[in-house]
Ligand code: RIB
Ligand code: CA
């Protein structure tokens, strides 16, 4: 049976790979929608990027629903231009589709699909979790309709925005707090494994031989732009395809102390009441195998 999924994303250079993977593995994923949020750039830009990425991947069939234009209680910060470029895609230009986002807001689309999927919907969150938190606040019964959340976020050790907090959690830690308290099962794929999941350009060049030259070139430019940094979001969604991550049960809560540790994902691996499976190790061979399988679809 295919997994019905929604990808909630802020494309985003590594989000590009996440969407390309979700779009390629149509034998594994029933990609119900892509919902967008700010973070790497403003929601208007990330929505445009999501539409264009799906178009490039020949998946105009997938609806895109634009999300919130601010975090739950804060405005968006400045776009992460250094990591994602002015256009959110590493300053790499891809063809623009004239397809538009649907009228439904992200939180309403998530609820609509959750009701349709009878408890089987999996949310793949690879940006700040504002839209999902908004859906939980607006539709509390949704927590019984979501099978699980596969999240790129957090870390069992150091952060990347502060020494303690990872970007997707930090940007809207009050939203993340709602998710980790919701009772929805979470697979947390954090920096502690994604930073180790580097796919060097030379590896990509080998596994992408024979792929569509244009898509291959776009991906090469994105990898070059990131200058060796991991494609965090690809690691998260790919873990549903190849079993390359080791998970351990933990009780995870979000630090809200109002000071320097805000947004830290505090993991208790000895808890008798775990709420999260936390990724603690990665097998790079399996990750590369998943990426190679994606590239074989884009011939
Ligand atoms: O910390 C990495 C995460 O923040 C990734 O999802 C990246 O796209 C940014 O959103
Ligand atoms: Ca992202």
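Post the alpha-carbon centroid distance, the stretch 232-270 to the stretch 57-89, in whole angstrom.
Result: 22 Å between the Cα centres.
Tell me, how many Å apart are the Cα centres for the stretch 103-150 and for the stretch 180-230?
So the separation of the two Cα centres works out to 25 Å.
Quick one: work out Rg over Rh on the C-alpha atoms of the stretch 75-155, Rh as Kirkwood radius.
1.04
Roughly how many nanometres apart are two label points built 7 Å out from the Cα toward the Cβ at residue 249 and residue 198?
3.6
Can you compute the radius of gyration and Dmax for the chain, using only the Cα atoms, both in Å?
17.4, 51
From the P(r) of the stretch 111-241, can you give the percent of Cα pairs sitting at distances over 16 Å?
Counting every Cα pair in the stretch 111-241, those more than 16 Å apart make up 67 percent.
For residue 120 and residue 205, compute 0.36 nm times the residue count separating them, minus their Cα-Cα distance, and round to one decimal in nm.
So the extension gain works out to 26.9 nm.
Under the Kirkwood approximation for Rh and a Cα-based Rg, what ratio Rg/Rh is obtained for the stretch 161-299?
1.04
By the gyration tensor of its Cα atoms, with a ≥ b ≥ c the square roots of the eigenvalues, what is the shape of the stretch 39-187: rounded for a/c under 1.5, prolate for a/b over b/c, or oblate?
oblate
Using the 10 angstrom Cβ neighbour count as an exposure proxy, how do 112, 296 rank, fewest first?
296, 112
Pairwise over distinct Cα atoms, reciprocal of the mean inverse distance: report the Kirkwood radius of the stretch 10-66 in Å, one decimal place.
11.0
Kirkwood-based Rg over Rh for the stretch 179-234 (C-alpha set), two decimals?
1.15
Using only alpha carbon pairs under 8 Å that are at least six residues apart, calculate the relative contact order of the chain and give it in whole percent.
Over the chain, the number comes to 19 percent.
Summing -39500 (n - 2.57) over the DSSP H runs of n ≥ 4 in the chain and dividing by its residue number, what mean residue ellipticity at 222 nm do you reach, to the nearest 500 deg cm²/dmol?
Taken over the chain, the calculation gives -10000 deg cm²/dmol.
For the stretch 8-119, what D do you get in µm² per second when you plug the Kirkwood radius from alpha-carbon pairs into Stokes-Einstein at 10 °C and 1.306 mPa s?
112
Coordinate-derived values only; no laboratory data. All of these numbers come straight from a predicted model, not from anything done at the bench. Virtual Cβ from ideal backbone geometry, glycine too; neighbours counted across all protein chains shown.
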